[in-house]
Amino acid sequence: MFELTAEKLRDMLSYDPETGEFFWLIKPSGPTPSGSRAGKTTNQGRRSISIKNRNYEASRLAWLHFYGEWPKNHIDHINRNPLDNRICNLRDVTCAENQRNRSSNIINGYGKGYSYHKKRRKWQAQASIDGKVKYLGLFDSEEEAKMATLAAKGVL
C-alpha cells in the first residue's frame, strides 16, 4: 500500500508557498505532461490533486510539502478562500476552531452571529463560544456588528 510522505510528494510535485500552486515534476498518468499545474477544482470549490489513484486536498498537501509532516487536525484557510493554498493562509486547527472561521451563504448576516434589529433600528451581534451564546450588543452599522462577532469568535 502506498503511503504518501513529504519526500515522495517533493519528488512528484513542486509547491510555491507564495502562490499556493503545485506543478508536476514527473509525468502523472494520462495526458497531463510534467511541468503542468497539478489538480482540479472540485464541486466544493477546493483544489484536489490525484496521486496514485487517491485524491488529496491541495491545502493538506501544501502543509505536508512545506512542513514535512501531515497536519494533525483540520486545515483552515484564514481568508476563507478554499482555493488560496498559500502557506501564509493555512493553519492547522481543531474542528471547533475551523468552524468559527467558516463563512455562511446566508444573506444579511443572519446565521453569522449578527442581524438587523428592526425595532431598535440597529445591528445586533452575538457569538456562540464553547456552546454558549454571548450577547455582544447593538451597533450602528452592519460592519461594526460583523467585526464584534468575528473578534469574539477569535477570528480577528
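The values are calculated or read from the model by the stated rules, or taken from the named source; none is laboratory data. Nothing here was measured: the structure is a model prediction, and the numbers come from that model. All Cβ positions, glycine included, derive from the backbone under ideal geometry; neighbour counts span all protein chains shown.
Exactly one residue among ASN89, ASN108 is surrounded by 11 or more Cβ atoms within 10 Å (Cβ to Cβ) and either touching a strand residue (DSSP E or B) at 6+ places or on another chain (Cβ under 6 Å) or at pLDDT 90 or above (or both), and that residue is ASN89. Of all residues in the range 128-144, those being farther than 19 Å from GLN99 by Cα, of a type outside the set (D, E, K, R) and surrounded by 12 or more Cβ atoms within 10 Å (Cβ to Cβ) number 4.
For the range 1-39, a tally of residues being within 18 Å of ASP84 (Cα to Cα) and in contact with a Gly (Cβ under 8 Å, 6 or more places away or on another chain) returns 2.
Pull up the range 40-83, narrow it to residues that are at pLDDT 95 or above and among the acidic types (Asp, Glu), then point me to the one that is farthest from LEU13 (Cα to Cα). For the range 40-83, the residue satisfying everything is GLU69. Across the range 62-97, which residue is nearest to TRP24 (Cα to Cα) among those that are of a type in the set (A, V, I, L, M) and within 13 Å of the chain's Cα centre (by Cα)? If we take residues in the range 62-97 being of a type in the set (A, V, I, L, M) and within 13 Å of the chain's Cα centre (by Cα), then ALA62 is nearest to TRP24 (Cα to Cα). Checked across the range 84-98, the condition of being part of a loop (DSSP other than H, G, I, E, B), of a type in the set (Lys, Arg) and free of Cβ contacts under 8 Å to residues at least 60 places away in the same chain holds for no residue. Looking only at residues of the range 1-39 that are assigned to a strand (DSSP E or B) and either of a type in the set (A, V, I, L, M, F, W, C) or modelled with pLDDT under 95 (or both), we find that the one that is nearest to GLU69 (Cα to Cα) is LEU13. Listed by first and then second residue, the pairs linking a residue in the range 1-15 that is exposed (fewer than 10 other Cβ atoms within 10 Å of the Cβ) to a residue that is part of a helix (DSSP H, G or I), with Cβ atoms under 9 Å apart and 6 or more places separating them unless they lie on different chains, are PHE2/LYS8.
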